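The next block holds one structure in the form of structure tokens; read it before the comments.
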């Protein structure tokens, strides 16, 4: 019997521009028994991974993407060096090391909206290391994971573009419905893809103060038992076969959530690179944006002379 251990996290909920990316990272751990707690994968795989960038010289940092992404002004290293190292090395353990962002999007199931600012030539990967170093990282990680009976099942990222984002808000009258739609999609994929003989544990990073998730989960599984709904955590179960936890700062406490956080952030950053490339070609003196509200307003104001009203309406979120 095995444990299927999945983490779900998002990147891009707060910005005014760019996609909301919700990612799912799923690993399989052999030799787990009903009643056993989920393993600490940072400890189990400590010969290959760590949680902090300060410890990442000889190991791969997998942690909170907000802490591992470097400042865009970074000169010594590419801002995405840690994000792509973890995501691409992990994908390499199952034989999938993409050479471009287009290949990465295909592997992760990413579909960006059909706007000209998301098109253009593929961005070559990796950005912050070399293909040879990435292969070394991936080979070492694969060996450590194999010794401990751990394997990557998949990493998937759902990217909700600005038009779809606004459509959901208009229909539901709440911004939370956007992340709920992605969450339900990820949970349905887990429900349908896991061998009934295996146990499934899912940990989701919880944003905001919401503690009740039974209604949303009931759209995926019937008969879930509520174990706890508190500020600390919201936990639900279905016998020994299924456990789901929502908890704040889960990317600091659970490696699958941290990996999902990094994948979501990497996809969003690459999408924003494409967007900035397109609009900088239209206005060469334009400074790039990460899409957060204050700077996005500056960026949109700078583009006023070259951006049409239709283009703006396809780009700016309602909330």
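The values are calculated or read from the model by the stated rules, or taken from the named source; none is laboratory data. Bear in mind the structure is a predicted one, so any value in this text is a computation, not a measurement. Glycine gets a Cβ as well: all are built from the backbone with ideal geometry, and neighbour counts include every protein chain shown.
Yes or no, residue by residue, for (1) touching a strand residue (DSSP E or B) at 6+ places or on another chain (Cβ under 8 Å); (2) under 20 Å from residue 7 (Cβ atoms); (3) assigned to a loop (DSSP other than H, G, I, E, B):
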site	(1), (2), (3)
57	no, no, yes
72	no, no, yes
77	no, no, yes
85	yes, yes, no
94	yes, yes, yes
97	no, no, yes
103	no, no, no
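Determine whether the stretch 260-282 contains at least one residue that is more than 30 Å from residue 314 (Cβ to Cβ), touching a residue at least 60 places away in the same chain (Cβ under 8 Å) and either under 23 Å from the mean Cα position of the chain (by Cα) or surrounded by fewer than 22 Cβ atoms within 10 Å (Cβ to Cβ) (or both).
Initially, the stretch 260-282 is screened for residues more than 30 Å from residue 314 (Cβ to Cβ), giving none.
Among the residues of the stretch 260-282, not one is more than 30 Å from residue 314 (Cβ to Cβ), touching a residue at least 60 places away in the same chain (Cβ under 8 Å) and either under 23 Å from the mean Cα position of the chain (by Cα) or surrounded by fewer than 22 Cβ atoms within 10 Å (Cβ to Cβ) (or both), which makes the answer no.
Each residue in the stretch 108-138 was checked for being in a helix (DSSP H, G or I) and in contact (Cβ under 8 Å) with a residue 40 or more places away in the chain, and 8 of them qualify. Which residue pairs have Cβ atoms under 8 Å apart, sit 6 or more places apart or on different chains, and have a first residue in the stretch 182-196 that is under 19 Å from residue 29 (Cβ atoms) and a second that is loosely packed, with under 13 Cβ neighbours inside 10 Å and modelled with pLDDT under 95? Short answer, once both residue conditions are applied: none.
Can you find a residue that is in a loop (DSSP other than H, G, I, E, B), under 25 Å from residue 111 (Cα atoms) and in contact with a strand residue (DSSP E or B) (Cβ under 6 Å, 6 or more places away or on another chain) anywhere in the stretch 19-30? Show your work before the answer.
We begin by selecting, within the stretch 19-30, every residue in a loop (DSSP other than H, G, I, E, B); these are 19.
Filter again for under 25 Å from residue 111 (Cα atoms), leaving 19.
Imposing the further condition that a residue be in contact with a strand residue (DSSP E or B) (Cβ under 6 Å, 6 or more places away or on another chain) reduces the set to 19.
Yes, the stretch 19-30 contains a residue that is in a loop (DSSP other than H, G, I, E, B), under 25 Å from residue 111 (Cα atoms) and in contact with a strand residue (DSSP E or B) (Cβ under 6 Å, 6 or more places away or on another chain).
Of all residues in the stretch 98-125 being buried (at least 20 other Cβ atoms within 10 Å of the Cβ) and under 12 Å from residue 84 (Cβ atoms), which is nearest to the chain's Cα centre (by Cα)? Here the residue is 104.
Per the listing 152, 134, the residue uniquely surrounded by 14 or more Cβ atoms within 10 Å (Cβ to Cβ) and farther than 28 Å from residue 237 by Cα is 134. Restricting to the stretch 19-40, and then to whatever is over 22 Å from the mean Cα position of the chain (by Cα) and farther than 20 Å from residue 205 by Cβ, can you tell me which residue is surrounded by the most Cβ atoms within 10 Å (Cβ to Cβ)? Checked the stretch 19-40; the qualifying residue surrounded by the most Cβ atoms within 10 Å (Cβ to Cβ) is 32.
Scan the stretch 175-184 residue by residue and report those that are surrounded by fewer than 22 Cβ atoms within 10 Å (Cβ to Cβ) and in contact with a helix residue (DSSP H, G or I) (Cβ under 9 Å, 6 or more places away or on another chain). Answer for the stretch 175-184, where residues must be surrounded by fewer than 22 Cβ atoms within 10 Å (Cβ to Cβ) and in contact with a helix residue (DSSP H, G or I) (Cβ under 9 Å, 6 or more places away or on another chain): 175, 177, 180, 181, 184.
Restricting 47, 64, 43 to those that are touching a residue at least 40 places away in the same chain (Cβ under 8 Å) and either crowded, with 23+ Cβ neighbours inside 10 Å or over 14 Å from the mean Cα position of the chain (by Cα) (or both) reduces the list to 47. Which one of these does residue 293 not meet: (1) in contact (Cβ under 8 Å) with a residue 40 or more places away in the chain; (2) closer than 27 Å to residue 66 by Cβ; (3) loosely packed, with under 14 Cβ neighbours inside 10 Å; (4) touching a strand residue (DSSP E or B) at 6+ places or on another chain (Cβ under 7 Å)? Only one criterion is unmet by residue 293, namely (4).
All conditions in (1) closer than 24 Å to residue 257 by Cα; (2) surrounded by fewer than 16 Cβ atoms within 10 Å (Cβ to Cβ) hold for residue 128, with the sole exception of (2). Taking the conditions (1) in contact with a helix residue (DSSP H, G or I) (Cβ under 8 Å, 6 or more places away or on another chain); (2) under 18 Å from residue 111 (Cα atoms); (3) not in a helix (DSSP H, G or I) in turn, residue 203 satisfies each one other than (2).
Out of all the residues in the stretch 212-232, which are touching a residue at least 24 places away in the same chain (Cβ under 8 Å) and either farther than 18 Å from residue 176 by Cβ or exposed (fewer than 15 other Cβ atoms within 10 Å of the Cβ) (or both)? Matches in the stretch 212-232: 219, 221.
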